[in-house]
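One structure is given below, encoded as structure tokens.
The values are calculated or read from the model by the stated rules, or taken from the named source; none is laboratory data. For clarity, every value in this text was computed on a predicted model and none was experimentally measured. Counting neighbours? That spans all protein chains shown, and the Cβs are built from the backbone with ideal geometry, glycine included. All accessible areas refer to the heavy atoms of the entire protein, side chains included, with ligands and DNA or RNA removed. Shrake-Rupley method; radii C 1.70, N 1.55, O 1.52, S 1.80 Å.
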Amino acid sequence: MFELGTDGPRSIVAGVDGSRTSMRAAAFAAGLARRQSSRLVIVYVASPSVWAAVSPAPLGEAAAQIVDAVADEVRTLIQERYTELGIPVRFLIRTGDPLDGIRRTAAEVQADMVAVGASESAGHRLVGSLAGRLVRSGKWPVVVVP
């Protein structure tokens, strides 16, 4: 039977978006996964713009291509780094709200911990950062990496 948080993290989820802080969070999670012999799941949540959804087809397709290009770049970078460390990494791509994507992934893989990068956006002081919202959800220990 699954029990959250027994004997150290067995499964760690790291949320990445290509930013400096999210890549640091993934590196932190990888080091912890290596030391604890944990599974590492890295999730990239593509959140297409509302404007892309209501725009004509060529603009919507261009936005989708940009999202795919960023996801491929992040996947390649992660595969290169974690092959060097010798740990297995599962890379998942989700679409939608980053909070929802990370929460669904953590529940799906029965994560014991979630790692995310600190927000570098000033606007998050008003609406709240992803990390703050994950902490308030109260389901997993959340590590916020600066």
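Add +1 for every Lys or Arg and -1 for every Asp or Glu among the other residues with Cβ under 10 Å from the Cβ of ILE42, and state the total.
Local charge sum for ILE42: +2.
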Net +/- balance of residues flanking ALA26 in space, Cβ distance below 13 Å, scoring K and R +1, D and E -1: +4
Sort PHE91, PHE28 from largest to smallest accessible area, using a 1.4 Å probe on the heavy atoms of the protein chains. PHE28, PHE91
For VAL89, what is the net charge nearby, where nearby means another residue's Cβ is under 13 Å from its Cβ and Lys, Arg count +1, Asp, Glu -1? +3
